[in-house]
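Encoded as structure tokens, the structure appears first; notes follow it.
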Amino acid sequence: MTTPLNRIGVFTSGGDAPGMNACIRAVVRRAISEGLEVVGVRRGFAGMIDGDFVEMDRQSVSNVLQKGGTILKSARSQPFQRDPEARARAAARLREAGVDALVGVGGDGTFQGMSCLHDEHGVPVVGCPGTIDNDLFGTDETIGYDSALNTALDAIDKIRDTADAHERLFLVEVMGRDTGFIALACGIGGGAELVLIPEMMTDEAKVREKILSLMSSQSRSSIVVVAEGDEVGGAHRLAESLRADPGCAHIDTRVTVLGHVQRGGPPTARDRVLASRLGNAAVEALLEGHANVMVGVVNGDIKLTPLKLAWSRKKEIDYDLLNLTALLS
């Protein structure tokens, strides 16, 4: 760190994820234990541009560990992403507030913005991976992933009951615009007969053939998990394709889109612990002079990854799990 570290800022940005509040709490309390002051930035980069700051102390993060969402709110800021002058205003606001370094909790868009603040204005930044998609390179899991996964799995268990009662095919769409981590894990955990994800090309003819075979078997009810970013166009588009096929038109097909319910609710114990570890590690990284990095957990250990690498390098799914879904269906 080229300048003394006396005052740090913390913010959340992009899509909210269960566990973000636990991470904020860890950042605030670790910083205060080191004699640092903490400023909360409300509404992400939009609030940074507007100077929407709040002083934070130990009491300000009491009783937040179990809450979903984010007490600092979140927003997507097109001006910050596209306009260098907007980023300059944000950096100036931080300097005016006496912020020496910044901890951000979010996903790839958040990290891209933080990289700009560092590269263009020299702001020391450390990122904590907070996204239900689990798609950031440099960490085995991201804050919110386990909670979203368990929310989706709980829904699939309930849908399974009604699918069986009425001998129906349910297409369950889960979040995952670019990656299939949630779909793959809850598909296995929920006993789905098929899992469709963006990482694998979907042959619709083979999907229809598989579904027809499943629905003609003794069970006569099936669950297909579809990541929203799969190239078939989501669960509704797949349902239309099945209904238009004379061979599948007789199948009672229903669609459930879980949507933003996966973002809400209390974080799981796993996410609370992960978020607490990462928030603590972010402050520790700043104290040790690191900047422009993401803190992550790899094989149980805290690891630092260059921030740009975290969002620019693709994180691969476990293809063995994908093969497992076919084996167990």
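The values are calculated or read from the model by the stated rules, or taken from the named source; none is laboratory data. Keep in mind that this is a model prediction, so the values were computed, not measured. All Cβ positions, even for glycine, are placed from backbone atoms using ideal geometry, and neighbour counts span all protein chains on display. With ligands, DNA and RNA removed, areas are computed over all heavy atoms of the protein, side chains included. Shrake-Rupley method; radii C 1.70, N 1.55, O 1.52, S 1.80 Å.
Filtered by the rule that a residue be closer than 29 Å to Asn134 by Cα and in contact with a Phe, Trp or Tyr (Cβ under 9 Å, 6 or more places away or on another chain), the stretch 87-107 gives Arg87, Ala90, Leu102, Val103, Gly104, Val105, Gly106, Gly107.
Residue count for the stretch 290-329 under the criterion of being touching a His at 6+ places or on another chain (Cβ under 8 Å) and open to solvent by 20 Å² or more (accessible area, probe 1.4 Å): the result is 3. Scanning the stretch 8-34 for residues being open to solvent by 10 Å² or more (accessible area, probe 1.4 Å) and over 15 Å from Val283 (Cα atoms) gives a total of 3. Contact annotation: residue pairs with Cβ atoms under 9 Å, 6 or more positions apart or on different chains, pairing a residue in the stretch 254-273 that is more than 22 Å from Asn63 (Cα to Cα) with a partner that is open to solvent by 70 Å² or more (accessible area, probe 1.4 Å) and assigned to a helix (DSSP H, G or I), are Arg254/His166; Val255/His236; Val257/His236. If only residues of the stretch 255-289 that are in contact with a Leu (Cβ under 7 Å, 6 or more places away or on another chain) and open to solvent by less than 60 Å² (accessible area, probe 1.4 Å) are counted, the one that is farthest from Cys23 (Cα to Cα) is Val255.
Residue check, Leu136 against (1) crowded, with 24+ Cβ neighbours inside 10 Å; (2) hydrophobic (A, V, I, L, M, F, W, C); (3) free of Cβ contacts under 8 Å to residues at least 60 places away in the same chain, all met but one. Which one? It is condition (3) that Leu136 fails. If you go through the stretch 208-225 and keep only what is touching a strand residue (DSSP E or B) at 6+ places or on another chain (Cβ under 8 Å) and modelled with pLDDT under 90, you end up with Lys210, Ile211, Leu214, Met215, Ser221.
Within the stretch 142-161, residues that are within 23 Å of Thr253 (Cα to Cα) sit with their Cβ atoms under 9 Å from residues that are of a type in the set (Lys, Arg), at 6+ positions apart or across chains, in these pairs: Thr151/Arg263; Ile159/Arg254. When restricted to residues that are open to solvent by 30 Å² or more (accessible area, probe 1.4 Å), among the hydrophobic types (A, V, I, L, M, F, W, C) and farther than 15 Å from Asp245 by Cα, the stretch 195-213 contains 2.
Candidates are the residues of the stretch 141-167 that are more than 18 Å from Pro18 (Cα to Cα) and either part of a loop (DSSP other than H, G, I, E, B) or basic (Lys, Arg) (or both); the one that is most open to solvent (accessible area, probe 1.4 Å) is Lys158.
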